[in-house]
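Accompanying notes for the structure given below.
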C-alpha cells in the first residue's frame, strides 16, 4: 500500500523471496505492489538483489545457496523461459551463474519478473518452482490484489502444477 514502510518491507520481501534459494514452502513467490510505490519498491529491491553473494549456506551471512538438484535448475530455467515467452519483463536475474566458483554448481540468479497477465489462473501464478523467482503484479485498488491472490488455485502439499 502507498503508506507502507519500505525500510521494513524491503528486507522482509528480499529474505522471503531469496532466502534458502526459495526452496521452502513458505518462500515468497508472488508480490502485489500498489502502483504508487511499485517503481520505487522494485528499484530498491533490485539493489538488494545486486548485493547477493551466493555461497555455502552453512557459512554465516550467506543468504543464497545452490538449488538442491540439476532437475530443480531445469524447473527454474523452464519457468524463466515461460516467463520470457509469455512477454513478462525480467527485471533482474533469469540465468544460472556463469562465472567463477558458482558456474559449475546449481547456483541460479534470483529473479524478479513482472508477468504480462495478473490472471490468477495463469500457469505462472499457480506454479511452484522451489527456486528464487519472484513474480510481481501491480494493482490500483486493494480489492484487486485480494481477488488475484485468492483466485490462485490451491495445490495439494507436495504436488507441483504442470503446464
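The values are calculated or read from the model by the stated rules, or taken from the named source; none is laboratory data. Bear in mind the structure is a predicted one, so any value in this text is a computation, not a measurement. We place every Cβ from the backbone using ideal geometry, glycine too, and count neighbours over all the protein chains shown.
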Requested in this report: Take the residues in the range 120-148 that are within 17 Å of the chain's Cα centre (by Cα) and part of a loop (DSSP other than H, G, I, E, B), then tell me which one is modelled with the lowest pLDDT.
Outcome: 120
Query raised in the report: Does the range 82-91 contain at least one residue that is crowded, with 18+ Cβ neighbours inside 10 Å, modelled with pLDDT of 85 or more and not in a helix (DSSP H, G or I)?
Result: yes
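Taking only the range 20-37 into account, find how many residues are closer than 17 Å to residue 151 by Cβ and in a strand (DSSP E or B).
We begin by selecting, within the range 20-37, every residue closer than 17 Å to residue 151 by Cβ; these are 29-32.
Now drop any that are not in a strand (DSSP E or B), which leaves 30-32.
So the count comes out to 3.
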Query raised in the report: Out of all the residues in the range 40-51, is one or more surrounded by fewer than 17 Cβ atoms within 10 Å (Cβ to Cβ), at negative phi, free of Cβ contacts under 8 Å to residues at least 60 places away in the same chain and in a loop (DSSP other than H, G, I, E, B)?
Result: yes
